[in-house]
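Report on one structure; see the data block that follows.
All of the numbers you see were taken from the coordinates with simple rules; none came from a lab. Everything numeric in this text was worked out from a predicted model, so none of it was measured. Virtual Cβ from ideal backbone geometry, glycine too; neighbours counted across all protein chains shown.
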Amino acid sequence: MQDHRDLIVLESVSRRYRLGAVTVTALENVDLHVDEGEFVVVLGPSGSGKTTLINMIGALDTPTEGRIRVAEVDITRASRKELFDFRRKLVSFVFQSFNVFPGLTAGENVQFGIDASERDEKRDAGELLERVGLAGRADHFPHELSGGEQQRVAIARALATGNPIILADEPTGELDFTTGVQILELLRAQAGPGTAVVVVTHNREISRIADRVVELSSGHIVRDGPPVGGRAAISELRW
C-alpha cells in the first residue's frame, strides 16, 4: 500500500445489483493493483464482471462494498464535484461502440477531447489524427468513416485529453483483424511512465501482448499474472 507507483488500487471491492427480488453479484471481493507503465488485459467471458470492473475504475459505477483509489484519489469517498474533476483529468475511455459524436467531424471530435481536458499544454487535433493514421480525414464525419477509422478517432480523442489512465472496453470487438492489430498497437504504445492502460476483452489471443492478465470468472479474479507462455509481440497475434 506504500508503493506510490500504484495508479489503480481496488481493495475488497464487490458490486451487487437488485433485479426485482433477485440480487445479482457482478464482482465479489476483488483486490487489484495496476502500476504506472503497465498494459493490463482484463480477460473473461460475457457476464464475468469485466465491464463492471472497468466502469468502477472510471467512476461510472460505484461499488457496493470496498474501496477504490485511482491516481491517489479515493473515488469511493469523493464528492460529486471531485468525481467530475476525476473523470475530466485522470481517465479516458475507449468504447467498443466508438461513442464518437455523429454531428462532429473527426477533427472536431478530437478537439472536444483537447478542450475538455483544460490542460495548459494543448495538443493539436491534426497531429493526433496523423498519429493514429488518419491524416487528411479531419473534415470527415463519422458516417463517412469505417468502423476502424471511427475507433481510431475515439483513441485520438482519448489521447487528446492527456489523461494518465486509458480504459478500453472491447476496443477490437467490432473490427477486422488488421484494424484490430493497429488499434492494439496504438493502445500498447500509451503505457509508459506515469500512465497505465487497461483493456477489457473476451479474446484470449489479445491477452498475449499484455504485461499482466487479470482473468475474471463469475465476478472473481481467478488468475492474475503474466500471459501464459510469456508475452507475445503484436505481430504474433492471430484471431
Dipole magnitude (debye, nearest 20) for the chain, charges at Cβ of Lys, Arg, Asp, Glu: 460
Cα centroid separation - region 128-163 against region 38-104, whole Å: 22
Positive-pole candidate from G107, S14, L187, dipole of the chain, charges at beta carbon: S14
The chain - Rg (one decimal) and Dmax (whole number), Cα, Å: 17.6, 54
Kirkwood-Stokes translational diffusion coefficient of region 77-191, alpha-carbon pairs, 4 °C, 1.567 mPa s, µm²/s: 91
Dipole of the chain, positive end: most advanced residue of F39, L60, G133 [Cβ charges, Cα centre]: L60
Dimensions (Å) - region 155-208, Cα atoms, principal axes, largest first: 28, 20, 16
Crossing angle, helix 147-160 versus the chain [Cα axis fit, 0-90 degrees, rounded to tens]: 80
Share of pairwise Cα separations in region 1-111, more than 22 Å, in percent: 41
Q96 long-range amide H proximity, modeled H, under 5 Å: D169
Rough spin-label spacing in nm, given labels placed 7 Å along Cα→Cβ, for H202 and R223: 1.8
